[in-house]
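To start, the structure under review is shown below, and the notes come after it.
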Amino acid sequence: MGIPILLQGHERSITQIKYNREGDLLFTVAKDPIVNVWYSVNGERLGTYMGHTGAVWCVDADWDTKHVLTGSADNSCRLWDCETGKQLALLKTNSAVRTCGFDFGGNIIMFSTDKQMGYQCFVSFFDLRDPSQIDNNEPYMKIPCNDSKITSAVWGPLGECIIAGHESGELNQYSAKSGEVLVNVKEHSRQINDIQLSRDMTMFVTASKDNTAKLFDSTTLEHQKTFRTERPVNSAALSPNYDHVVLGGGQEAMDVTTTSTRIGKFEARFFHLAFEEEFGRVKGHFGPINSVAFHPDGKSYSSGGEDGYVRIHYFDPQYFEFEFEA
């Protein structure tokens with residue numbers, strides 16, 4: 001690993017980082033109201049999306065990077081013009097917006113809200129092609145989620161369903177047409193903090209408070225692999241071109257004792273997908289890693305931490321020559 005590119009654009013802990021489809025841009029959100037976008041090649045800040053008034057929990061960009069979607073603890077989900085930074089839509093909610101995402105075509109958005117202050121958790125679906133849904137703040141579908149709140153959610157393949165991870169450790173596949181639960185599995189014993197699909201959308205990886213990340217089939221939700229650690233896993237991502245998965249985590253924020261060391265001791269951990277074996281670690285953050293993402297070309301990855309920094313790491317040649325000896 002060469003020297004990472006350090007992105008310093010947030011005053012609070014990073015909550016999520018996400019590359020656009022091409023990988024030229026990296027979007028970062030944090031427990032401050034700032035939404036940043038950076039050039040991934042050199043770490044130069046391209047701009048910010050200003051408007052939120054609370055912590056921003058989630059961010060997504062659509063397929064052709066026209067629009068950006070963000071969800072916040074200020075009880076709103078907002079749609080932005082990627083290039084100009086202009087706010088295009090403001091959807092008010094009764095509680096914090098925890099997860100958000102564009103479907104494959106970029107026409108339909110979904111977001112989930114927290115169970116708080118007497119409001120239950122909902123998943124809402126809006127069709128951006130119908131301006132009246134936005135203007136009247138009336139989703140075409142709203143799924144109540146009574147049992148355990150949604151802590152992570154992504155669109156499934158072809159935009160036919162969403163895959164949601166819950167506080168209980170359950171996974172549900174909800175139909176984006178009818179709202180019904182198509183598949184329900186419980187392979188994790190504690191909260192699911194993150195879900196990320198493979199590049200071809202056939203698989204996804206979960207990250208859980210139960211100290212594991214797991215690989216699932218995105219159509220059947222069949223559990224395929226498990227990656228074990230000694231700490232809660234906050235985020236996990238799949239390499240687009242190698243059988244590799246990167247995990248980020250650490251103690252919970254309240255358990256961290258501050259120590260003055262020159263190099264952060266919180267590590268991103270690399271596992272082989274097929275063998276479930278760890279083969280590498282990258283130090284650097286001064287607090288738990290809250291979000292990890294592979295660049296779409298697989299030549300670099302980024303991590304966002306409790307320390308408020310985002311680090312872009314380019315792999316050295318050994319990484320690509322590495323063959324796993326089972």
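In region 67-83, which residue that is of a type in the set (D, E) and not in a strand (DSSP E or B) is surrounded by the most Cβ atoms within 10 Å (Cβ to Cβ)?
The extreme case among them is D74.
Just give me the residues in region 291-324 being polar (S, T, N, Q) and touching a strand residue (DSSP E or B) at 6+ places or on another chain (Cβ under 7 Å), in sequence order.
Matches in region 291-324: S291, S300, S302, S303.
For residues that are part of a loop (DSSP other than H, G, I, E, B) and open to solvent by 10 Å² or more (accessible area, probe 1.4 Å), scanning just region 95-105, find the one that is farthest from P157 (Cα to Cα).
My answer is G105.
Give the residues of region 114-129 that are part of a loop (DSSP other than H, G, I, E, B) and under 19 Å from W63 (Cβ atoms), sorted by residue number.
Within region 114-129, L128, R129 meet the criteria.
Quick check on this structure: which one of K31, K86, K92 is out of contact with any Cys (no Cβ under 7 Å at 6 or more places or on another chain), under 18 Å from G308 (Cα atoms) and open to solvent by 60 Å² or more (accessible area, probe 1.4 Å)?
K31
On the given criteria, is A176 out of contact with any Leu (no Cβ under 8 Å at 6 or more places or on another chain) and open to solvent by less than 20 Å² (accessible area, probe 1.4 Å)?
Taking the combined requirement at face value, the residue satisfies it.
Any idea which of S132, S189 is open to solvent by 10 Å² or more (accessible area, probe 1.4 Å), under 27 Å from F266 (Cα atoms) and out of contact with any strand residue (DSSP E or B) (no Cβ under 7 Å at 6 or more places or on another chain)?
None of the others qualify; the one that does is S189.
Would you check if there is a residue in region 156-169 being open to solvent by 20 Å² or more (accessible area, probe 1.4 Å), without any contact (Cβ under 8 Å) to a residue 24 or more places away in the chain and farther than 29 Å from D217 by Cα?
no
Being touching a Phe, Trp or Tyr at 6+ places or on another chain (Cβ under 9 Å), open to solvent by 20 Å² or more (accessible area, probe 1.4 Å) and outside any strand (DSSP E or B) is the filter here; which residues of region 216-228 pass it?
E222
Here is a check on your reading of the model: is D32 closer than 28 Å to K149 by Cβ and in contact (Cβ under 8 Å) with a residue 12 or more places away in the chain?
yes
With the condition being among the β-branched types (V, I, T), I'd like the strands (runs of 3 or more DSSP E) fully within region 138-215 carrying at least 3 qualifying residues.
So the answer is 150-155, 181-186.
Mind checking which pairs have a first residue in region 113-126 that is within 12 Å of C77 (Cβ to Cβ) and a second that is open to solvent by 70 Å² or more (accessible area, probe 1.4 Å) and modelled with pLDDT of 85 or more, Cβ under 7 Å, 6 or more apart or different chains?
Hits for this filter: T113/N94; F122/K142; S124/K142; F125/Y140; F126/Y140.
Answer yes or no: is there a residue in region 140-154 that is within 21 Å of the chain's Cα centre (by Cα) and open to solvent by 20 Å² or more (accessible area, probe 1.4 Å).
So far as region 140-154 goes, yes, one or more of its residues are within 21 Å of the chain's Cα centre (by Cα) and open to solvent by 20 Å² or more (accessible area, probe 1.4 Å).
In this structure, does G287 turn out to be closer than 21 Å to G9 by Cβ and modelled with pLDDT under 95?
Spelling it out, G287 is indeed closer than 21 Å to G9 by Cβ and modelled with pLDDT under 95.
If I ask for residues that are modelled with pLDDT of 95 or more, farther than 16 Å from Y314 by Cα and aliphatic (A, V, I, L, M), which ones from region 239-273 would you list?
L247, L273 - these are the residues of region 239-273 that are modelled with pLDDT of 95 or more, farther than 16 Å from Y314 by Cα and aliphatic (A, V, I, L, M).
In region 34-45, how many residues are assigned to a loop (DSSP other than H, G, I, E, B) and open to solvent by 10 Å² or more (accessible area, probe 1.4 Å)?
Adding up the residues that qualify gives 5.
Among the residues of region 46-66 satisfying the criterion of being charged (D, E, K, R) and part of a loop (DSSP other than H, G, I, E, B), which is surrounded by the fewest Cβ atoms within 10 Å (Cβ to Cβ)?
Filtering region 46-66 for residues that are charged (D, E, K, R) and part of a loop (DSSP other than H, G, I, E, B), the one surrounded by the fewest Cβ atoms within 10 Å (Cβ to Cβ) comes out as D64.
Give the residues of region 1-28 that are open to solvent by 70 Å² or more (accessible area, probe 1.4 Å) and of a type in the set (A, V, I, L, M, F, W, C), sorted by residue number.
Passing the criteria: M1, I3, L6.
When residues of region 58-80 are filtered for being touching a Leu at 6+ places or on another chain (Cβ under 9 Å) and more than 23 Å from V123 (Cα to Cα), how many remain?
Counting residues in region 58-80 that are touching a Leu at 6+ places or on another chain (Cβ under 9 Å) and more than 23 Å from V123 (Cα to Cα) gives 1.
The values are calculated or read from the model by the stated rules, or taken from the named source; none is laboratory data. Just so it is clear, the model here is predicted, and its values are computed rather than measured. With ideal geometry, Cβ positions are generated from the backbone for all residues, glycine too; neighbour counts draw on all protein chains shown. We work out accessible area using only protein heavy atoms, side chains counted, and drop any ligands, DNA or RNA first. Shrake-Rupley method; radii C 1.70, N 1.55, O 1.52, S 1.80 Å.
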